[in-house]
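All remarks here apply to the structure that follows.
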Amino acid sequence: MLKDTPLGKHTQIDAGPESSSRRVFIKSYGCQMNVYDAQRMADTLAAEGFTETPTPEDADLIILNTCHIREKAAEKVYSELGRIRQIKARAKRDGRHVTVGVAGCVAQAEGAEIIRRAPLVDLVVGPQSYHRLPDLIARAEKHGAVVDTEFPVEDKFDFLPAPAPERTRARGVTAFVTVQEGCDKFCTFCVVPYTRGAEVSRPAARIVAEVERLAAASVREVTLIGQNVNAYHGVGPDGASWSLARLLYRLADVPGIARLRYTTSHPRDMADDLIAAHGELPTLMPFLHLPVQSGSDRVLAAMNRRHTRDDYLRLVERLKRAQPALALSSDFIVGFPAETEEDFRGTVSLVEQVGYAGAFSFKYSPRPGTPAAAIDQVPENVKVERLAALQSVIDKHQAAFNRSCLGRTLDVLLEKPGRHPGQLTGRSPYLQPVNVTAPSERIGEVLSVQIADLGANSLFGVALGTKDRHFSAEDCSLREHLDIAAAGA
Ligand code: SAM
Ligand code: SF4
C-alpha cells in the first residue's frame, strides 16, 4: 500500500510481530517499476526479520528507491539525504545505528559518487541487485560502505522471495507484476537503457506462477509492467518464445483474475496478435497507455522513436477497429532540443486528433550522457509555455471523456473504502476512480455501475449488481449515493 508521509511515497505493510524485528522505511520515487521493486525489497527484507515502518524516524534501515528519468532527480536525492542525516545523527545520540541505502536508477547512474558526496550512505544498490540486499546490508554494517551497481549474470527474480499471502492481501486487490526489464530502443532523450540495461524478459511459467499466487491471495487485477512491456519475448513452458499477447491469453485463464492491463508500450512493438487480443480477450481492459512523445515527424526522428505521426495514427485506428471501446492515454515531451513552434503545433493537433482520455506531459529534461543533451536546447520559458498550453488541451479532452461516461454503465472493480461511511472506491476499465455506495464485503468484486455524477477527480455511480446477481435495496440506493455526493465527496 502506498501512503503519503512528510517524506513522500513509501510502501507499508502491517505484518508480523514486531518484538525483536528491525524496522525498515522504504521511500519510492518514479514509476510503477519502482513501486514493484520496493515491494520486492520489502519482501526480501521481511524474510530477514525486518518489518516496515511508515516513519523514517524510528527505522533501523532507510532505503531511498530513486528515479533518474527527469531533471534534478539526483539533487532531490541529495537533499533528502540531508534530512536523513539529521535522523541518523539523532538516532546515534539515542544509541541506535541507522543504516542508509540508496537504490534504483540514481544509484545505478551515480554509483560510488553518492557515498563521496553523502558519506552517511552505507549502501548503494542498482535495480538488478535487490536480491543481494541482505548480504549487502550485513557487509555494510560490518565493514563500511558498499556499492553494487553491476548487471549480475544471475536473474534477481530467481532469488527474490515470494511475499506471504497475508502481505499480498494487505496490498489490496490490484497488483503489478514485472514481466520485462530494460530497453534496447535508445530514444535520444532517455536514460533507461543506461540505468536499467538491455531488454530482458522473464520466463512465462514464472510469471504465471506469480499471478496464480496473487490470485490465491485475492488479487483480481494484474498490470504487467516493463519499461518496454510489449517487447516481451519470454521463453514459454513449451520452449517457444512467447509474445506478450500469448502471455496475456494464458494469464486470462488463471482462476480469480478478472482484469489484465499492461504498461508501458512502444508503438513499434504493437504486434498483430496483441492488437487482436484487445478485441478477443474480455479480461484485457480497453485502456491503453501508448506514448507517442511528439506529433512532429522531424522531432520523432530526432528522438529516434522509429515511427512517424502517421504510423502512430494508423496504429490507433487498427486498435480501435479491434476494440471499439478502447480509450488511450499517452506521454508527451515538449521543448525537445530544436523543437519549433510548428513542431509543437503538430503535437497539439495530434492530441486533438486522437482525443486521449488522459495523458502525461513533461518538459524535456537533458539527461547527462544521452545524445539529446548535447543538442541546442529550447529556452526554459518556452518549455513552460508549451507545457501549459499542451496540458490545457489534454485536460479538455480528459474532461470530455469523463463527461461521455455520464449515464453509461461501467464495470468497476471495488478496491477500498471511500472517503465517506458506506462508500467504496474502485476503478473503471479506464482507470477512473469511481465512488459507489456498497458494503465493504464487496471489495474485490467487479460491479456494474451506472455513472450518475462527475467529481473533480472521480466519478460517482450507482451499483446495479455483480455479474451473477443484483444488489438489494439495502445494499445500495440512488438516494444514498446522492446524499453522499451532496455531502461533498
Ligand atoms: N518506454 C516508454 C516509451 O517508450 O515511451 C517510456 C518510459 S519513460 C520511463 C516514461 C516517460 O518519461 C516517457 O514516455 C517520456 O515521456 C518521459 N521522459 C523520458 N525521458 C525524459 C526526458 N529526458 N525529459 C522529459 N521526459 C522524459
Ligand atoms: Fe526510454 Fe521508452 Fe525510449 Fe526505451 S522506448 S529508450 S524506455 S522512452
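Every number in this text was worked out from the coordinates using simple rules, so none of it is lab data. All values derive from a computational prediction rather than experimental measurement. All Cβ positions, even for glycine, are placed from backbone atoms using ideal geometry, and neighbour counts span all protein chains on display.
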Suppose R0 equals 51 Å. What FRET efficiency, 1/(1 + (r/R0)^6) with r the Cβ-Cβ distance, do Arg85 and Ser241 give to the nearest 0.05?
0.55
Taking 0.36 nm per residue of separation and subtracting the Cα-Cα distance, what length does fully extending Asp135 through Asp297 add?
53.4 nm
Computed over region 363-427, Kirkwood Rh from alpha-carbon pairs, angstrom
16.2
Quick one: order Glu342, Glu166, Glu52, Glu445 by neighbouring beta-carbon count within 10 Å, fewest to most.
Glu342, Glu166, Glu445, Glu52
Which distance in Å, rounded to a whole number, links the C-alpha centroids of region 264-319 and region 388-405?
20
Taking a cut-off of 15 Å between Cα atoms, list the aspartates and glutamates near Lys156, but don't count ones fewer than 8 places away on the same chain.
Asp37, Asp43, Asp135, Asp148, Glu181, Glu199, Glu210
Per the C-alpha gyration tensor (a ≥ b ≥ c, the square roots of its eigenvalues), region 59-210 is rounded if a/c is under 1.5, else prolate if a/b beats b/c, else oblate; here it's oblate
Other-chain or far-sequence residues with amide H under 5 Å of Phe287's (modelled H)
Ala327
May I ask you to sort Ile62, Ile87 by Cβ crowding, counting other Cβ atoms within 10 Å and putting the fewest first?
Ile87, Ile62
Here region 434-445 yields Karplus 3J(HN,Hα) values (6.51, -1.76, 1.60; θ = phi - 60°; whole Hz; Gly and Pro given as x) of 10, 9, 8, 7, 6, x, 5, 4, 7, 4, x, 8
Computed [θ] at 222 nm, deg cm²/dmol, the chain (DSSP H ≥ 4; -39,500 (n - 2.57); rounded to nearest 500)
-10500 deg cm²/dmol
Phi-derived 3J(HN,Hα) across region 304-314 with the Karplus relation (6.51, -1.76, 1.60, θ = phi - 60°), rounded Hz, x for Gly and Pro, is 6, 6, 6, 8, 9, 4, 5, 3, 5, 5, 5
At q = 0.11 Å⁻¹, what log₁₀ I(q)/I(0) does a Debye calculation on the Cα points of the chain give, no solvent, two decimals?
-1.03
With both partners inside the chain, how many of the DSSP beta bridges are antiparallel, as a percent to the nearest 5?
40
Pairs Lys27/Lys76; Lys27/Lys416; Lys27/Lys88; Lys27/Lys72: which exceed 20 Å Cα-Cα?
Lys27/Lys416
Pick out, in residue order, every one of the trypsin sites (Lys or Arg not before Pro) in region 280-313 that is DSSP loop and has at most 15 other C-beta atoms within 10 Å; say none if there are none.
Arg306
What is the packing order of peptides 63-71, 378-386, taking the mean over residues of other C-beta atoms within 10 Å and listing the highest first?
63-71, 378-386
Under 5 Å between amide hydrogens, which residues at least 5 positions from Asn65 or on another chain qualify, with H placed 1.01 Å from N in the peptide plane?
Lys27, Ser28, Tyr29, Ala103
Rounded Å value of the spacing that divides the Cα centres of region 231-256 and region 334-378
34
Measuring from centroid to centroid over Cα atoms, what is the spacing of region 47-67 and region 85-119 in Å?
12
Residue-wise HN-Hα coupling along region 104-111, computed from phi with Karplus coefficients 6.51, -1.76, 1.60 (Hz; x: Gly, Pro)
x, 6, 5, 4, 5, 6, 9, x
For each of Leu464, Leu214, Leu459, count neighbouring Cβ atoms within 10 Å of the residue's Cβ, then give the residues from fewest to most.
Leu464, Leu459, Leu214
Show the residues, 5+ positions off or on another chain, whose built amide H is closer than 5 Å to the amide H of Gln227.
Gly182
